[in-house]
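Asks: Just passing along the structure, written as structure tokens.
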Amino acid sequence: MNDLDAESISLGILASHGGSNLQAIMDACDNGSLKANVAVVVSNNSGSLAMRRARKSGIPAYHLSSSTHSDDGDLDVAIKNILKKYSVDLIILAGYMKKIGPSVLRTFHNRVINSHPALLPKYGGKGMYGDRVHKAVVKAKSTETGISIHLVDEHYDHGPIISQKTIAVDSAEGVEFVKKKVQKHEHRFWVTTLNKIQKGEIDLDNAGH
């Protein structure tokens, strides 16, 4: 893999559903605000909007899931092989709802990153995704939430945090309010964080040290 502070970095993006973060990253690459390119998109959902977004932009998109590979190990290797085929420097989980396998994690050590819609370690772990996270924030009557971008390891929402943004919220406004407020910032925060990685301001190999 190339150094991440190279002139441009090659991204592999894994997404399960709408792909709005994928779209924000593609737009930033296209308009020059991010010195990177989306080389390939992988989805575990053959009907995902993320796949359609990628193909509309001329980006190779692959459906790889338990319906294409019934064995988890085979699926893990298939995803790794696609990412290697397109020589990606960095893998981004943009709303990807599946656990990353050991083959991908070994091959792309410290090069797989994910965003979580809360301030980890709060409201994280297995089963904590999407609206479930925002419901927990509202239930706790929290006055703040945020976005955490972290390295991915073999546990859910566990790897070292590389970038975090705190967002003030009024929990009394409800789940949809909190969700929309986080999403409003998330697209921009992904691009800001990727720029810092590309410029060497965030060192993934020393994250958490």
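None of the figures in this text is laboratory data; all of them are computed from the coordinates on show. Keep in mind that what you see is a predicted model, and the values were worked out from it rather than measured. As a convention, Cβ positions derive from the backbone with ideal geometry for all residues, glycine included, and neighbour counts pool all protein chains shown.
Asks: Is it possible to state the helix-based mean residue ellipticity at 222 nm for the chain, with each DSSP H run of 4+ residues giving -39500 (n - 2.57), the sum divided by total residues, to the nearest 500 deg cm²/dmol? What is it?
Replies: Per the formula, -11000 deg cm²/dmol.
Asks: What list of ³J(HN,Hα) couplings, whole Hz, do you get for the range 197-203 from phi and the Karplus terms 6.51, -1.76, 1.60, once you set θ to phi - 60° and write x for glycine and proline?
Replies: So the J values, rounded to whole Hz, are 5, 4, 8, x, 6, 10, 9.
Asks: For the chain, what's the radius of gyration and Dmax over Cα atoms, in angstrom?
Replies: Gyration radius and largest Cα-Cα distance of the chain: 16.4, 48 Å.
Asks: Moving on to the next point. Restrict the search to the range 92-187; then list the trypsin sites (Lys or Arg not before Pro) that DSSP places in a loop and that have at most 16 other Cβ atoms within 10 Å of their Cβ.
Replies: Details: sites: Lys98, Lys99, Arg106, Arg111, Lys122, Lys126, Arg132, Lys135, Lys139, Lys141, Lys165, Lys179, Lys180, Lys181, Lys184; in loops: Lys98, Lys99, Arg111, Lys122, Lys126, Lys141.
Within the range 92-187, the qualifying trypsin sites (Lys or Arg not before Pro) (loop, at most 16 other Cβ atoms within 10 Å) are Lys99, Lys126, Lys141.
Asks: Given the Cα atoms of the range 9-109, and with Rh set as the inverse mean 1/r over their pairs in the Kirkwood sense, what is Rg to Rh to two decimals?
Replies: For the range 9-109, the value is 0.95.
Asks: For the chain, what relative contact order do you get, as a whole percent, if you take Cα pairs closer than 8 Å and at least 6 residues apart? Intermediate results must be reported in sequence, preceding the final value.
Replies: Values: 395 pairs, mean separation 44.1, N = 209.
Value for the chain: 21 percent.
Asks: Here is a further query. As an exercise, identify the GluC sites (Glu not before Pro) in the range 118-176 lying in DSSP coil whose Cβ has no more than 13 other Cβ atoms within 10 Å.
Replies: Numbers: sites: Glu144, Glu154, Glu173, Glu176; in loops: Glu154.
Hits after loop and neighbour filter: Glu154.
Asks: Kindly work out what percent of the DSSP beta bridges joining two residues of the chain are antiparallel, to the nearest 5. Intermediate results must be reported in sequence, preceding the final value.
Replies: On the way: 11 of 27 bridges.
Within the chain, antiparallel bridges account for around 40 percent of the total.
Asks: Continuing with this model, one more query. Which of the aspartates and glutamates could be linked to Lys126 by a straight reach, that is with a Cα gap under 20 Å, when you skip same-chain ones fewer than 8 residues away?
Replies: Within the straight-line cut-off, Lys126 pairs with Asp72, Asp76, Asp153, Glu154, Asp157.
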